[in-house]
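First up is the structure itself, then whatever we jot down about it.
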Amino acid sequence: MKNALYILLFTIGTYIQVFSQETLLSPINNSAIKKLMKSETSEMNWFMINGSDKMQIGKVQTEIQKKKDNVCIITMVNMTQSTTKWIDSTVVGIQNFEPKYHSSYNQQRDMVLKFGKKITGYYLDKKTDTKTEIAEEPKTSFFDSNFYPQLIRFLPLKDSYSNTISIFNYNPTAGIGVITATIKNTEETTFSFNGKERQVWKVETTDDISNNTAIITYYIDTSTRKIFKQEIDFDGRKMLMELIE
């Protein structure tokens with residue numbers, strides 16, 4: 001009887017674990033509305049907020065190239081106090097947005113990730129001139145951590161929508177491996193932007209990269225899925241990104 005009970009408990013535990021993995025949003029469990037994604041270029045002003053003061057610290061330009069088999073996303077960050085651009089490139093498959101390639105170059109470090117059965121590439125810390133060869137073998141399905149903010153735009157958003165997203169992140173100071181991002185809540189609302197009333201999805205998110213201490217809130221047009229605004233709250237500080245129309 002006791003052995004049968006152990007077997008039953010083990011079976012239930014295994015089922016719960018597998019079910020939990022399958023319910024995570026990932027390329028093999030992808031509810032994104034793919035037709036919403038299209039080629040586009042957008043630019044946002046990036047501000048630091050201190051009480052009632054709003055100081056611009058940079059600009060962020062994002063280009064999405066939708067091709068036959070892949071989607072390429074190129075992000076260029078221009079900081080006001082730096083002469084060097086931060087350039088990120090991400091390539092995902094057109095069908096399920098499975099990750100294929102990610103590179104990131106800035107003043108602090110260079111990184112290249114190539115996704116397949118194994119994740120290979122390198123991480124170069126420019127401060128210490130240390131280069132680390134990357135060879136990871138994750139056992140679960142995931143999105144590239146650099147892609148999930150775009151993925152949120154194309155999900156079947158509705159009031160009170162929430163979900164958990166499986167992502168892969170490589171950052172020696174913020175975690176390495178398959179982790180999660182969480183959509184905490186979604187609300188349809190209106191807000192004034194550039195003198196016009198906008199109907200938006202207000203989507204509140206967090207992720208394991210910040211140990212779930214940073215809250216990023218997106219204001220996404222309900223029809224076009226453009227991101228009008230992002231609010232980033234972390235450690236008592238606040239940043240803001242606003243679309244340049």
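Read-outs throughout are calculated quantities, based only on the coordinates presented, and are distinct from any laboratory measurement. For clarity, every value in this text was computed on a predicted model and none was experimentally measured. All Cβ positions, glycine included, derive from the backbone under ideal geometry; neighbour counts span all protein chains shown.
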Fill in the blank from the handout: the range 223-245 scanned against label point 7 Å out from Glu43 along Cα→C-beta; backbone N under 17 Å for 227-229, 241-245
Completion exercise
Under a Gaussian network model of the chain whose springs join Cα atoms within less than 10 Å, the largest fluctuation of Glu137, Glu98, Glu187 belongs to Glu137
Completion exercise
One would report the antiparallel percent of DSSP beta bridges in the chain, rounded to the nearest 5, as 95
Practice task
Just tell me which aspartates and glutamates come within less than 15 Å, Cα to Cα, of Lys131; anything on the same chain fewer than 8 places away is out.
Solution key: Asp110
Practice task
Identify which of Asn212, Asn163, Asn50 has the largest mean-square fluctuation in a Gaussian network model of the chain, with springs joining Cα atoms closer than 10 Å.
Solution key: Asn50
Fill in the blank from the handout: Most fluctuating of Met111, Met48, Met37 in the GNM of the chain (C-alpha, under 10 Å) is Met48
Exercise for the section: Sort largest first and round to whole Å: the equivalent ellipsoid semi-axes of the chain, each the square root of five times a Cα gyration tensor eigenvalue. Expected result: 31, 24, 19
Completion exercise
Using alpha carbon positions and the Kirkwood radius, the Rg to Rh ratio of the range 181-226 is 1.07
Handout entry: Loop trypsin sites (Lys or Arg not before Pro), the range 43-110 (other Cβ atoms within 10 Å of the site Cβ: 10 or fewer; DSSP)
Key = Lys67, Lys68
Completion exercise
Computed over the chain: longest principal axis from alpha-carbon atoms vs helix 2-23 long axis, angle to nearest 10 degrees, is 20
Problem - Added length on full extension, which subtracts the Cα-Cα distance from 0.36 nm per residue, Lys131 to Ala174 - result: 13.8 nm
Completion exercise
Using alpha carbon centers only, the range 115-163 is separated from the range 36-107 by a whole-angstrom value of 14
